[in-house]
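Below is one structure; the comments refer to it alone.
Just so you know, all these numbers are worked out from the coordinates, no wet-lab data involved. As the structure is a computational prediction, the values presented were derived from the model and not from experiment. Backbone-built Cβ (ideal geometry, glycine too); neighbour counts: all protein chains shown.
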Amino acid sequence: MSARVGVVLFPGSNCEHDAIEAVEALGGKADIVWHGATSIPGVDAIVLPGGFAHGDYLRPGAIARFSPVMDAVRRFAADGGPVVGICNGFQVLTEAGLLPGALQKNAGLKFLCTTVEVRVDSARSTLTSAASVGDILRIPINHFEGNYTCDPATLAQLRDDECVVLRYVDNPNGSIDDIAGICNKAGNVVGLMPHPERASDPLLGSEDGLVLLRSLLAGGVRR
Amino acid sequence: MSAQFDVLVEVSLRPGIADPQGSTVERALPALGFDGVEGVRVGKAIRFSIEAGDEATARSQVEDLCHRFLTNPVIEDSRVEVTRR
């Protein structure tokens, strides 16, 4: 049985087809789930893709958090289901309170569109279970608000629980503790700024994102 | 009897949260001949009106709205002005 992934489409999402393409290249199945859906039946994992959900109005993720689908995402996550937020999806997860902290404007006030190196610092999440701690992955970033921040107590908790899953080798955006991606305590909800789906084929310049997506398809923490 | 109140919510980054937009504006000012300006912080202003029984009720509804939606309490503060119309 191949894993079935629900890729949530908010008005303004723009990386949903990239995510579907990458999942299918790995032998998984992927379906678009409209943000107005109130349930997401029959999926093994959920991806909140990159883009500008609801135009990023007010703040990235601030309005997407109230989309009807988010209740279903919340229930799925509470049940241990793997949920991954990529870029804008990460912003949605923090706004929804499914992950701690917030993403503020890049320190240099520049929109960053480049390929960076990230290091796997925890293999206990649903997105990194097939990778090894210390692996260096080349993955594109594409964001204006990717500067992760949180209060010192939250940061200490993230470190203690090994919830910092990816760190930038050379911090591009001012993120606290070089954080590129985090997971919740259970490890089944992950948010990251880099786009693994854009590093899924040699033609794209890197296929280092595959190990992450393969982890997700393998069911990670859940099964 | 309920009344209509005009609301102004000022959203700003919390003290200690870097404000690259504010510092960029501040750095640009000397080039225009404005010297001695410091502490520039850029935020947003949101205006609306709300119907409520009295000013205290209006204010508490707006503060709830600020906390749950208009600001991200991790990085932002808000200041609320409520004026009876």
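Quick one: count up the residues across the range A:91-125 that are within 14 Å of chain B (Cβ to nearest Cβ) and not aliphatic (A, V, I, L, M). Spell out the reasoning first.
In the first step, residues of the range A:91-125 are kept if they are within 14 Å of chain B (Cβ to nearest Cβ); the result is A:91-112.
Filter once more, so that each one left must be not aliphatic (A, V, I, L, M): A:91, A:94-95, A:97, A:100-101, A:104-106, A:108, A:110-111.
Here the count works out to 12.
Taken residue by residue, the range A:24-34 has at least one member that is over 17 Å from the mean Cα position of the chain (by Cα), assigned to a helix (DSSP H, G or I) and touching a residue at least 40 places away in the same chain (Cβ under 8 Å).
Looking across the range A:93-118, the residues that are under 21 Å from A:ARG159 (Cβ atoms) and under 15 Å from the mean Cα position of the chain (by Cα) come down to A:LEU93, A:THR94, A:GLY97, A:LEU98, A:LEU99, A:PRO100, A:GLY101, A:ALA102, A:LEU103, A:VAL118. Restricting the range B:44-85 to residues that are within 14 Å of another protein chain (Cβ to nearest Cβ) and of a type in the set (S, T, N, Q) leaves a set whose member that is surrounded by the fewest Cβ atoms within 10 Å (Cβ to Cβ) is B:SER78.
Taking the range A:150-191 as the range and being within 13 Å of chain B (Cβ to nearest Cβ) and surrounded by fewer than 21 Cβ atoms within 10 Å (Cβ to Cβ) as the test, the residues that pass are A:ASP151, A:PRO152, A:ALA153, A:THR154, A:LEU155, A:GLY174, A:ILE176. Here is the figure for the range A:35-63: residues that are in a helix (DSSP H, G or I), away from chain B (no Cβ under 14 Å) and surrounded by 17 or more Cβ atoms within 10 Å (Cβ to Cβ) total 1.
Counting only strands (runs of 3 or more DSSP E) that sit wholly inside chain B, not one has at least 2 residues that are touching a Pro at 6+ places or on another chain (Cβ under 9 Å) and free of Cβ contacts under 8 Å to residues at least 12 places away in the same chain.
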